[in-house]
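The structure appears right after this line, and notes come after that.
Throughout, read-outs are computed from the coordinates displayed, never taken from laboratory work. As the structure is a computational prediction, the values presented were derived from the model and not from experiment. Cβ sites come from the backbone with ideal geometry, for glycine too, and all protein chains shown count toward neighbours.
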Amino acid sequence: MLPLNKYIVGDSLKQLKLIDDDSVDLCVTSPPYNKLEGNRGHLVDKVVYDEFVDKVDEDLYQESQIDILNEMYRIIKPGGSMFYNHRVRWEKGVTIHPLEWILKCDWKFRQEIVWDRTLAGNIRGWRFWPIDERIYWLYKPLDGNDKSGKELESKHSLLTSIWRIMPNKNTNHPASFPIELSSRIIYSILVGKKGVVIDPYAGSGTTLISAKLLGSDYIGIDMSTEYKTVFDNRVDSPSKDIEKHNNEIEKHFVNKTYKQRKSELPPKCTREDLFEEDV
Ligand SMILES: C[S@@+](CC[C@H](N)C(=O)[O-])C[C@H]1O[C@@H](n2cnc3c(N)ncnc32)[C@H](O)[C@@H]1O
């Protein structure tokens, strides 16, 4: 039996192992990033979690992420998806890219979305200011012939592969999602159907709140009792979340299908021509 609409306090890998194969529709998550940088050059406070230190041996970290990603693949239904938020990191001048371990997993890689956060803590000049994070859309095929699943509805694919969403401020969790992000994913992927959405690193429970607002069931896992309390308070009085969530849903609007848009393309057109009717 799935632990529906529960926030489980525990270790994510151990808890995922208790869930049946092919039983969950969608995963939206952001693990701890194994932050390798020191204290220098930070504009905002360092992310410090309750319960654990986000700095372990990088090889062990990547192995643990592969375990989580593959366990998630097992429990997601064929035709289902996982959205995995991470970012490019640097350690002593060496780039560590999330695709190094994502491509070793069982998932079919579907898309890399750039999350333009508009700002970030580190303003040192070794590189252009890295204000982006990534969201990886991973897909579990229905069978061997299923190359990339169903098309998105036109109203969702109007959104581009670059998502400009400001990070959260003043929350009771050091690295919570902006709710626009999880609502965008769930609304676009479940297309109005009730499903089961899971977040194995639930934190303040943003994914779970989006799922609930969209009429789906949720399962959250996090090792922190403190963050469960943050979620419990949030789910009891979601007024701030509802406003932001509704603003996001209003963006998913289009009055022409892909076919109509294609048939009306002028011989040479700009992106503005293409979307003129939709703004
Ligand atoms: C980046 S935060 C997720 C924030 C979340 N998306 C939100 O909106 O609040 C990562 C979370 O993973 C949790 N965590 C880290 N290691 C874990 C583990 N092994 N099992 C369960 N939770 C873990 C931390 O407590 C933290 O809340």
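Based on DSSP loop calls and a cut-off of at most 12 other Cβ atoms within 10 Å, the longest stretch of the chain free of exposed chymotrypsin sites (Phe, Trp or Tyr not before Pro) is what? Walk me through the intermediate numbers first.
On the way: sites that count: PHE52, TRP126, PHE128, PHE253.
Segment 129-252 is the longest.
With Cα atoms as the point set, the radius of gyration and Dmax of region 6-254 evaluate to 17.4, 50 Å.
Please report the relative contact order for the chain, taking Cα pairs under 8 Å with a sequence separation of at least 6, and give it as a percent rounded to a whole number.
23
Applying both filters, DSSP loop and at most 12 other Cβ atoms within 10 Å, to the trypsin sites (Lys or Arg not before Pro) of region 216-248 eliminates every site. You can think of it this way: the chain between GLU226 and SER23 has 70.3 nm of extra reach, that is 0.36 nm per residue less the Cα-Cα gap.
Sequentially through region 69-74, phi angles give Karplus couplings (6.51, -1.76, 1.60; θ = phi - 60°) of 4, 6, 5, 5, 4, 4 Hz, Gly and Pro residues having no value and appearing as x. Here region 80-122 is scanned for amide nitrogen atoms under 20 Å from the site 7 Å beyond the Cα of LYS150 along Cα-to-Cβ, giving 80-83, 108-111. If a spin label sat at a point 7 angstrom from the Cα of ARG127 along the line to its beta carbon, the backbone N atoms of region 59-92 nearer than 16 Å would be those of 86-92.
Taking Cβ atoms as reference points and 11 Å as the exclusive limit, the residues near ASN168 contribute a net charge of +2, counting Lys and Arg as +1 and Asp and Glu as -1.
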